[in-house]
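Data block below; observations after.
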Amino acid sequence: MRAAPRVVLAILLCLVLSVTAAAPGSAAPPPAFGDGPVWLWPLDGPRRVAEPYRAPAHAYGAGHRGVDLATAVGAVVRAPAAGVVAFRGVVVDRPLLTIDHGDGLVSTFEPLVSPLSPGDPVSAGEEIGVVDVGGHTAPGALHVGVRLDGEYVNPLLLFGAVERAVLLPCCDAIRAP
């Protein structure tokens with residue numbers, strides 16, 4: 001039986017990250033990939049993911065290389081971590097901003113109108129712009145993409161753990177003796 005391509009890709013990514021972390025002289029993966037949250041959520045209010053990350057089967061395959069966060073046009077967007085603005089401009093039909101966070105991590109926000117310029121330093125939590133319209137996201141959504149050493153990764157890995165569901169005992173388990 002053949003494994004699904006996404007399962008194989010997820011297993012390979014885990015293996016690569018664990019081997020990289022264990023290899024002498026190699027750079028360790030960022031702390032957020034196993035040591036808890038490092039990045040701040042970029043929007044005020046509840047965490048609502050409108051469209052999840054979907055890893056492509058290969059470099060040119062279909063997928064969703066980031067997450068779309070539900071919000072409103074004009075919502076303030078904050079830097080999730082300190083870094084330096086690497087790019088601000090319009091690509092195709094949407095304004096975007098890219099921040100280089102160091103250690104191979106680069107984040108991109110779109111559609112985002114920002115007063116910042118390339119080379120500007122940003123602090124974690126600092127306002128970097130407001131949500132606009134354009135691109136593949138629905139009006140009022142913010143696309144957040146993250147690359148680690150040039151490869152797209154699921155941005156949610158950097159924002160800390162999702163609260164776990166608590167399963168309660170079913171009626172059979174709580175019967176009186």
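The values are calculated or read from the model by the stated rules, or taken from the named source; none is laboratory data. On a predicted model such as this, the values are computed, not experimentally measured, just so you know. We place every Cβ from the backbone using ideal geometry, glycine too, and count neighbours over all the protein chains shown. To get the accessible areas, we keep the full protein, side chains included, count just its heavy atoms, and leave off ligands, DNA and RNA. Shrake-Rupley method; radii C 1.70, N 1.55, O 1.52, S 1.80 Å.
Scanning segment 44-55 for residues that are closer than 16 Å to Val146 by Cα and not β-branched (Val, Ile, Thr) turns up Glu51, Pro52, Tyr53, Arg54, Ala55. Among the residues of segment 75-95, the ones that are closer than 19 Å to Pro139 by Cα and part of a loop (DSSP other than H, G, I, E, B) come to 3 in all. Considering only residues of segment 99-137 that are more than 13 Å from Pro80 (Cβ to Cβ), among the β-branched types (Val, Ile, Thr) and modelled with pLDDT of 95 or more, which is least open to solvent (accessible area, probe 1.4 Å)? Ranking the qualifying residues of segment 99-137, first place goes to Val131. Scanning segment 96-126 for residues that are more than 21 Å from Thr137 (Cα to Cα) and among the acidic types (Asp, Glu) turns up Asp100, Asp103, Asp120, Glu126.
If you go through segment 78-135 and keep only what is without any contact (Cβ under 8 Å) to a residue 40 or more places away in the chain and aromatic (Phe, Trp, Tyr), you end up with just Phe87.
Are any of the residues in segment 33-42 free of Cβ contacts under 8 Å to residues at least 40 places away in the same chain, under 14 Å from Asn154 (Cβ atoms) and open to solvent by 30 Å² or more (accessible area, probe 1.4 Å)? Yes, there is a match, as at least one residue in segment 33-42 is free of Cβ contacts under 8 Å to residues at least 40 places away in the same chain, under 14 Å from Asn154 (Cβ atoms) and open to solvent by 30 Å² or more (accessible area, probe 1.4 Å).
Every residue, every condition in (1) modelled with pLDDT of 85 or more; (2) in contact with a Gly (Cβ under 9 Å, 6 or more places away or on another chain); (3) open to solvent by less than 60 Å² (accessible area, probe 1.4 Å); (4) among the hydrophobic types (A, V, I, L, M, F, W, C), yes or no:
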{"residue": "Leu17", "(1), (2), (3), (4)": "no, yes, yes, yes"}
{"residue": "Ala28", "(1), (2), (3), (4)": "no, no, no, yes"}
{"residue": "Arg48", "(1), (2), (3), (4)": "yes, no, no, no"}
{"residue": "Ala62", "(1), (2), (3), (4)": "yes, no, no, yes"}
{"residue": "Arg65", "(1), (2), (3), (4)": "yes, yes, no, no"}
{"residue": "Pro80", "(1), (2), (3), (4)": "yes, yes, yes, no"}
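Residue selection: Ala72 fails the criterion of being hydrophobic (A, V, I, L, M, F, W, C), at pLDDT below 95 and assigned to a loop (DSSP other than H, G, I, E, B).
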